[in-house]
Amino acid sequence: MALDMRLPTVRKTVSVSTSVFDRKDMVVPGDIITSDTGFMRGHGTYVDEEMLTASVAGEVQRVDKLICVRPLKTRFNGEVGDVVVGRITEVQQKRWKVETNSRLDSILLLSSVNLPGGELRRRSAEDELTMREYLQEGDLISAEVQSVFSDGALSLHTRSLKYGKLGQGVLVQISPSLIKRQKSHFHNLPCGASIILGNNGFVWLYPTMGQQEEEAGGFYTSLEPVSLSDREVISRLRNCLLALAAHKVLLYDTSVLYCYESSLQHQVKDILKPEVMEEIVMLTQQKLLEQEG
């Protein structure tokens, strides 16, 4: 059995603004949010002795007179337009069931996918019989939330060519609250890998490929061998994501790239060691603060 023994080392002190750690909008259960009776009570709050109090740990959000607390650790509550990465769990009649880290399995209807070849026509009984040729149990897909059912289940679609079946890569699962909402969640990083930051906390890392054929209709998956250098880049990015998530840093293209650059002085296997992880994350936070201002 291999043992990993490390001697004490002098840690680099990196100055990070105290405002990062002293945030007024973060609360824990029992914290008094406000004593003003003019506010309405939203999710994650309750009234105790005429004072609005937090019932969960999270971020206080105010919309006009409504106050709610968004939990830091929760299942994914999807909204229309959210980008998700999911895994097919079941093939049913004219639909697939997809695990998307939400309370209920999401639904991908046969009518909500592009047919191979990009044909635009009504789905026939023959299409229904060949559903497993498109997607089967265990396949990973990227999709967009099309609508939300009355019971909270999500309806997905993959009608754009940027969505569809995912090929070779690495799936990283983190808390959905750490994914920063942006206009685009598909990023080609300059280090040679691409990333899909799913709003549901599923992050997909894969080597940057050339332009895939549009005739594939979202079902094209390359099975070409991935080079050793690409695998090392993806492994480094995966460890960087876990390091950022462990220190509760919001994930978006800039923070991931800064963390990757800060980790280059260490070997991939050393990134998840506690002292190395702390140093890399502190450097990343410093770069983000410098960029902001």
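The values are calculated or read from the model by the stated rules, or taken from the named source; none is laboratory data. Only a predicted model underlies this, so the values are computations on that prediction, with no experimental measurement involved. Here Cβ is always computed from backbone atoms with ideal geometry, including for glycine, and neighbour counts include all displayed protein chains. We work out accessible area using only protein heavy atoms, side chains counted, and drop any ligands, DNA or RNA first. Shrake-Rupley method; radii C 1.70, N 1.55, O 1.52, S 1.80 Å.
Applying the Karplus parametrisation 6.51 cos²θ - 1.76 cosθ + 1.60 with θ = phi - 60° to the phi angles of segment 155-170, what ³J(HN,Hα) value in whole Hz is obtained for each residue in order, glycine and proline being reported as x?
9, 9, 8, 10, 6, 8, 5, 6, 9, x, 6, 9, x, 8, x, 10
Which Cys in the chain stand alone, with every other cysteine's Cβ at 4.7 Å or more from theirs?
For the chain, the answer is CYS68, CYS191, because their Cβ atoms have no other cysteine Cβ under 4.7 Å.
Where the centroid of each part is defined by its Cα atoms, how far is segment 225-257 from segment 72-96 in Å?
That distance is 23 Å.
Is there a pair in LYS180/LYS269; LYS65/LYS94; LYS65/LYS165; LYS65/LYS97 whose C-alpha atoms are over 32 Å apart, and which pairs would that be?
Violating the 32 Å Cα-Cα cut-off are LYS65/LYS94; LYS65/LYS165; LYS65/LYS97.
What order, most packed first, do the peptides 125-132, 255-262 have when packing is the mean number of other Cβ atoms within 10 Å of each residue? Working shown, then result.
Working: 125-132: 12.0, 255-262: 21.4.
Descending mean neighbour count gives 255-262, 125-132.
Please identify the DSSP H helices in the chain that span no less than 15 Å along the helix axis (Cα) and have a mean Kyte-Doolittle hydropathy of 0.0 or more.
Both cut-offs are met by 228-246.
Before rounding to the nearest 500, sum -39500 (n - 2.57) across all DSSP H runs of length at least 4 in the chain and divide by the residue total; then give [θ] at 222 nm in deg cm²/dmol.
On the way: 5 runs with 57 residues, N = 293.
Calculated from helices alone, the mean residue ellipticity at 222 nm is -6000 deg cm²/dmol.
At 1.4 Å probe size, with the rest of the protein present, what percent of the exposed accessible area of the chain is carbon and sulfur atoms?
So the carbon and sulfur contribution to the accessible surface is 50 percent.
Considering amide H positions built from the backbone, and no H for Pro or chain starts, which residues 5 or more places from SER147, or on another chain, come under 5 Å of its amide H?
Those qualifying (amide H under 5 Å, at least 5 residues apart or on another chain) are SER155.
Restricting attention to segment 119-211, which chymotrypsin sites (Phe, Trp or Tyr not before Pro) occupy a DSSP loop and are surrounded by at most 16 other Cβ atoms within 10 Å?
PHE149
Over the chain, give the accessible area per residue in Å² for a 1.4 Å probe, as an integer.
Roughly 58 Å² per residue, with all protein chains present.
Specify whether the C-alpha gyration tensor of the chain places it in the rounded, prolate or oblate class, a ≥ b ≥ c being the square roots of the eigenvalues: rounded for a/c under 1.5, otherwise prolate if a/b is larger than b/c and oblate if not. Don't skip to the answer; put the middle values down first.
Working: a/c = 2.35, a/b = 1.18, b/c = 1.99.
Oblate, since a/c reaches 1.5 and b/c is not below a/b.
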